[in-house]
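Below is one structure, written out as structure tokens; the observations come after it.
The values are calculated or read from the model by the stated rules, or taken from the named source; none is laboratory data. None of these values were measured; they are calculated from a predicted model. Here the Cβ is made from the backbone with ideal geometry for all residues, glycine too, and neighbour counts use every protein chain on show. Please note that ligands, DNA and RNA were not included when accessible areas were found on the heavy atoms of the full protein model with its side chains. Shrake-Rupley method; radii C 1.70, N 1.55, O 1.52, S 1.80 Å.
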Amino acid sequence: MAKPILFPLLFITTTVFLGFFISSAESRPPFACDPRNGLTRSLKFCRANLPIHVRARDLIGSLTLAEKIRLLVNNAAAVPRLGIQGYEWWSEALHGVSNVGPGTKFGGAFPGATSFPQVITTAASFNESLWEQIGRVVSDEARAMYNGGMAGLTYWSPNVNIFRDPRWGRGQETPGEDPVLAGKYAANYVRGLQSPTGIRLKVAACCKHYTAYDLDNWNGVDRYHFNARVSKQDLADTYDVPFKSCVVEGKVASVMCSYNQVNGKPTCADPDLLKGTIRGQWGLSGYIVSDCDSVGVMYDTQHFTATPEESAAAAIKAGLDLDCGPFLAIHTDLAVRRRLLAEADVDLALANTITIQMRLGMFDGEPSAQPYGNLGPRDVCTPAHQQLALEAARQGIVLLKNSGSLPLSTARHRTVAVIGPNSDVTVTMIGNYAGVACGYTSPLQGISRYARTIHQAGCSDVACDTNNLFGAAEVAAHEADATVLVMGLDQSIEAEFRDRVGLLLPGRQQELVSRVARASRGPTVLVLMSGGPIDVSFAKNDPRVSAIIWAGYPGQAGGTAIADVLFGTTNPGGKLPMTWYPQDYVAKVPMTNMGMRPSRGYPGRTYRFYKGPIVFPFGHGLSYTSFKHSLALAPTDLSVLLDTNLFATKNYSTLSSNAIRVKHAKCDSLSSLFHIDVENTGNMDGTHTLLVFSTPPAGQKWSPNKQLIGFHRVHVIAGSKQRVKINIHACKHLSVVDEFGIRRIPMGSHSLHIGDLKHSISLQANLEGIKV
């Protein structure tokens with residue numbers, strides 16, 4: 001999402017309808033239904049004891065068409081005669097309360113908020129409970145700021161698009177390349193943010209950007225003009241998976257449609273995607289919002305319709321409820337007058353948005369008298385919240401290479417040279433879509449708590465255009481007992497609307513690393529900050545670079561977390577949530593090719609389909625200790641019972657193809673429990689992330705090489721053992737999607753990859769007790 005790009009003057013003039021901010025810590029006045037207002041407190045839609053759908057219907061029936069239309073946009077207008085304030089829908093909370101959207105600002109009693117690691121880093125923890133816990137903290141701080149008049153209650157986060165191409169500038173915002181991982185992240189973070197009590201919500205989350213959106217600006221193609229050509233197969237088994245999880249499992253309050261077209265139609269005007277899939281198949285109970293100005297893009301840039309009112313009508317009739325931007329406020333009236341759109345269509349859109357506002361308590365009078373009404377400035381940037389940000393950073397850091405030099409020793413490594421353009425950064429650590437952090441600890445500051453430091457930037461910034469500072473960096477490395485190079489990227493290299501050209505370190509960074517490694521008297525450790533993968537093959541293969549750490553963008557406490565890992569206070573347990581490709585890969589793959597599977601001359605994408613050379617694989621991550629796996633309980637076969645009510649004779653061909661349609665199976669009974677013992681065979685306590693993959697039977701042309709089906713993070717004391725229980729569900733975990741987008745369960749022998757173990761489980765169809 002970006003700040004609006006169309007109709008800038010119109011957008012500015014409509015900001016008079018924004019709700020106002022309170023600069024002090026005083027409680028905000030009610031959004032609506034003020035009990036002190038004798039004219040409105042008795043209105044039917046203000047009666048909190050009535051069902052929400054009754055209240056919403058009454059409110060909509062009380063509005064004029066002009067009033068309704070001004071509620072179709074993010075900066076919704078006030079309705080003074082009904083005692084309703086203006087409201088700004090656009091707030092962001094990707095990894096902490098953000099001031100990117102106009103609905104939130106910092107200042108006064110709220111100078112900042114806890115800034116957690118960027119999502120790609122937190123995803124590397126593979127820790128579902130952590131994701132939900134972060135969501136709860138972020139929503140506590142969001143509610144506190146709302147109560148203080150500094151924020152809204154509708155947050156357009158998380159971003160759950162698949163990190164398909166390593167050059168994508170916004171990959172940092174996502175949970176990575178795997179749809180199962182992204183889906184689990186989405187559901188857990190949403191649950192934490194929304195923290196539902198019955199139908200009531202603490203804040204309303206939004207999963208974005210639906211769908212097949214992962215190109216911003218590459219090689220002359222931008223997201224406003226891009227038509228993503230996607231097969232039904234890839235849509236069903238990759239791009240849509242996280243969004244389905246968001247809606248079905250996370251019960252998200254909103255989904256955002258994207259700028260791009262999918263197969264020739266703008267996503268925000270596609271009834272099959274919006275009404276058919278999101279609301280129909282998945283059962284969204286909430287609203288659908290456009291990315292900012294994407295309805296305007298549909299008309300002005302993509303020329304989808306002949307007139308602007310036709311675009312307005314197409315979007316609303318397709319299922320769009322709210323426009324981020326002024327387009328619907330300007331053009332909906334004419335669409336209704338020209339009978340391109342019925343007022344009932346507008347009413348339906350408003351029912352979806354107003355219902356969410358009512359579930360948030362915005363029509364229940366005094367905010368201070370409601371649940372969470374007691375939250376205030378004291379609940380933002382608390383010690384507990386900041387400790388969680390530190391713990392999240394520790395859990396997300398990935399040890400990519402270690403020749404034995406890590407952890408560093410405070411006894412042997414008393415002086416550490418800290419070098420690199422990211423060695424003393426602060427704001428870089430919080431990535432994009434961030435707010436104002438509570439405070440920062442840079443890598444240099446973190447390392448200085450363990451050892452005396454000699455600091456040299458080496459490069460003035462990450463572009464690293466010259467080598468005139470290299471000499472001083474080499475001298476520092478030669479004088480120190482150990483050298484830590486903090487290199488990588490920042491938002492000048494990868495960001496929204498800024499896709500990367502290649503995968504190498506920018507400018508002369510590689511030269512700096514190699515020269516410093518040669519000059520270093522002690523071990524040389526390379527620490528990388530980035531959202532996307534970097535081809536550091538040179539360092540991986542250089543024995544003088546004894547260790548490599550990926551820290552992602554580790555948030556406000558990133559420097560402390562990095563230092564804790566370097567010196568062994570924290571034993572790293574993170575795993576890469578994306579494949580690290582060599583530079584050669586991007587020369588073969590245009591960003592515009594959305595295909596996941598390999599084809600002639602095209603290598604495919606992600607670990608699920610790509611079989612070529614890599615720098616580091618998905619799921620890679622080392623530890624300072626060692627782990628051993630053993631199977632304590634592992635079923636070898638599973639009978640797939642068919643639902644005779646759904647499985648008709650005409651569908652018997654699904655058996656002859658040796659793959660059963662999931663909808664024909666009795667899925668509730670198709671699971672097997674596995675017990676895996678994880679033993680810490682080293683001499684240091686550690687946390688291990690157990691990843692479970694499946695490979696379908698040979699000969700399935702639709703199938704991935706392997707696919708992640710589950711993961712579990714477990715802490716194991718040195719010399720001890722922990723048992724992990726994982727339920728393998730045939731319909732969810734052992735199914736594949738055919739070329740028509742139909743999910744099927746292949747019969748035969750499936751291979752499970754559990755850590756370093758391989759186990760086979762055989763599936764056989766069973767119709768009314770008769771194996772077939």
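Here are some notes:
- Reported count of residues in region 175-194, each being polar (S, T, N, Q) and in contact with a helix residue (DSSP H, G or I) (Cβ under 6 Å, 6 or more places away or on another chain), is 1.
- Restricting VAL180, VAL137, VAL119 to those that are open to solvent by 10 Å² or more (accessible area, probe 1.4 Å), under 15 Å from the mean Cα position of the chain (by Cα) and in contact (Cβ under 8 Å) with a residue 24 or more places away in the chain reduces the list to VAL180.
- Any hit, region 472-481, residues being in a loop (DSSP other than H, G, I, E, B) and assigned by the TED database to the domain that holds PHE567: yes
- Residue in region 609-623 that is out of contact with any Asp or Glu (no Cβ under 6 Å at 6 or more places or on another chain), polar (S, T, N, Q) and under 30 Å from ILE676 (Cβ atoms) present: yes
- Qualifying residue in region 113-135 (condition: at pLDDT 95 or above and in contact with a Leu (Cβ under 6 Å, 6 or more places away or on another chain)): yes
Rundown of residues vs (1) touching a strand residue (DSSP E or B) at 6+ places or on another chain (Cβ under 8 Å); (2) modelled with pLDDT of 95 or more; (3) at negative phi, yes/no style:
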| position | (1), (2), (3) |
| --- | --- |
| GLN395 | yes, yes, yes |
| LYS401 | yes, yes, yes |
| GLY404 | yes, yes, no |
| PRO407 | no, yes, yes |
| HIS413 | yes, yes, yes |
| VAL427 | no, yes, yes |
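To keep it simple, each residue is scored yes or no on (1) open to solvent by less than 10 Å² (accessible area, probe 1.4 Å); (2) at pLDDT 95 or above; (3) outside any loop (DSSP other than H, G, I, E, B).
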{"position": "SER514", "(1), (2), (3)": "no, yes, yes"}
{"position": "LEU528", "(1), (2), (3)": "yes, yes, yes"}
{"position": "GLY531", "(1), (2), (3)": "yes, yes, no"}
{"position": "ILE562", "(1), (2), (3)": "yes, yes, yes"}
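- A single member of GLN707, GLN700 is open to solvent by 10 Å² or more (accessible area, probe 1.4 Å), in contact with a Pro (Cβ under 7 Å, 6 or more places away or on another chain) and under 30 Å from LYS232 (Cβ atoms), and it is GLN700.
- Residue within region 435-446 that is open to solvent by less than 30 Å² (accessible area, probe 1.4 Å) and touching a Leu at 6+ places or on another chain (Cβ under 8 Å) present: no
- Scanning region 41-72 for residues that are among the acidic types (Asp, Glu) and in contact with a strand residue (DSSP E or B) (Cβ under 7 Å, 6 or more places away or on another chain) turns up just one, GLU67.
- Region 235-267 - residue that is within 18 Å of THR305 (Cα to Cα) and part of a loop (DSSP other than H, G, I, E, B) and, of those, most open to solvent (accessible area, probe 1.4 Å): ASN263
- Of the candidates THR579, THR524, the single residue that is over 20 Å from the mean Cα position of the chain (by Cα) and open to solvent by less than 10 Å² (accessible area, probe 1.4 Å) is THR524.
- For region 116-127, a residue qualifies if it is in a helix (DSSP H, G or I) and either touching a strand residue (DSSP E or B) at 6+ places or on another chain (Cβ under 8 Å) or hydrophobic (A, V, I, L, M, F, W, C) (or both), and the qualifying residues are VAL119, ILE120, ALA123.
- Some residue of region 85-95 being assigned to a helix (DSSP H, G or I), hydrophobic (A, V, I, L, M, F, W, C), modelled with pLDDT of 95 or more and open to solvent by less than 20 Å² (accessible area, probe 1.4 Å): no
- Inside region 737-772, residues that are more than 19 Å from THR636 (Cβ to Cβ), in a strand (DSSP E or B) and modelled with pLDDT under 95 make up a count of 2.
- Selection within region 383-414 - assigned to a strand (DSSP E or B) and open to solvent by less than 20 Å² (accessible area, probe 1.4 Å): VAL398, LEU399, LEU400
- So THR592, is it touching a residue at least 60 places away in the same chain (Cβ under 8 Å), open to solvent by less than 30 Å² (accessible area, probe 1.4 Å) and either assigned by the TED database to the domain that holds ILE447 or over 27 Å from SER735 (Cβ atoms) (or both): no
- Taking each residue of region 303-319 that is hydroxyl-bearing (Ser, Thr, Tyr) and looking for partners that are buried (at least 20 other Cβ atoms within 10 Å of the Cβ) and part of a loop (DSSP other than H, G, I, E, B) with beta-carbon atoms closer than 7 Å, six or more apart or interchain, yields SER311/PHE304.
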